[in-house]
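Comments concern the structure below.
Values in this text are rule-based calculations from the coordinates and carry no lab data. Model, not experiment: these values are computed from the prediction. Cβ placement follows ideal geometry from the backbone for every residue including glycine, while neighbour counts extend to all protein chains displayed.
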């Protein structure tokens, strides 16, 4: 009887050991990510896609694919320089047009990142419907810089980005959203076109929600490297939280208002992180931008953030950048 008991104990212990040593046990799921680019009025979009892919993958938490639709007149030299394995290098077109072959299987991914501009060619009705379904079911989305200029006639996309600019966006598309100088969030329905910016410069980011997983632990103010500061953004602004702003000075053709720089939106069960920052490579080299991209992407995909604030994060008085080594 004792020997039978000992044998049963041995079996139980062995089973527990096998379970404890299972390679899946305690291993975090890799976030399957798709960067979509290809239509952009910004010359450096191929390089910025390349940079964002590396910034995400170096955390060990993301695997990143890239899908490229037709694009416009610019970028040939950079596309050749920043080739990404498996990404079709199509020839530049004189103007954007719909790409009927562009229909990624969004269901293969946890997260989509949009890196395109005001001249983005429209997606087909079927591709739009699949993407809307992906988001409604709980997909994650990151919107970077000029991607908030895109698809002004696509109602669901405008809801996903919360705020947008250019593309004939006006009061018909929703209010301007900003913080006034008394620290109050304003939704302003006054008439006027959406989207503008002054000359590029460094600017101070002010965190408005220090308890959100993306911004938790950040300095309440920090300096961003030279960039375009978008202002006068407007849109549906539904289920939207402004996490951080920057002051747009009138002497730089600005608004004299505190404009959204870090935004989150909920769409169905999906989560969106939107930043208007990231115009060119030196803007994207900002440690603040890199950290926000990584943490914002993780939050959009999972609802949680465990990527730390790095020691070289910018301070209230000094920018911080990591030179991108190609």
Of the listed residues (281, 306, 231, 312), the one being buried (at least 24 other Cβ atoms within 10 Å of the Cβ) and on the phi < 0 side of the Ramachandran plot is 231
* Asked: Would you say residue 217 is touching a strand residue (DSSP E or B) at 6+ places or on another chain (Cβ under 9 Å) and either outside any strand (DSSP E or B) or surrounded by fewer than 20 Cβ atoms within 10 Å (Cβ to Cβ) (or both)?
  -> no
Counting only strands (runs of 3 or more DSSP E) wholly inside the range 225-318, the ones holding at least 1 residues that are more than 17 Å from the chain's Cα centre (by Cα) and farther than 23 Å from residue 47 by Cα are 240-248, 257-267
Taking the range 153-180 and the residues there that are out of contact with any strand residue (DSSP E or B) (no Cβ under 7 Å at 6 or more places or on another chain) and part of a loop (DSSP other than H, G, I, E, B), the one that is nearest to residue 246 (Cα to Cα) would be 165
For residue 199, the lone unmet condition from (1) crowded, with 18+ Cβ neighbours inside 10 Å; (2) closer than 26 Å to residue 117 by Cβ; (3) touching a helix residue (DSSP H, G or I) at 6+ places or on another chain (Cβ under 9 Å) is (1)
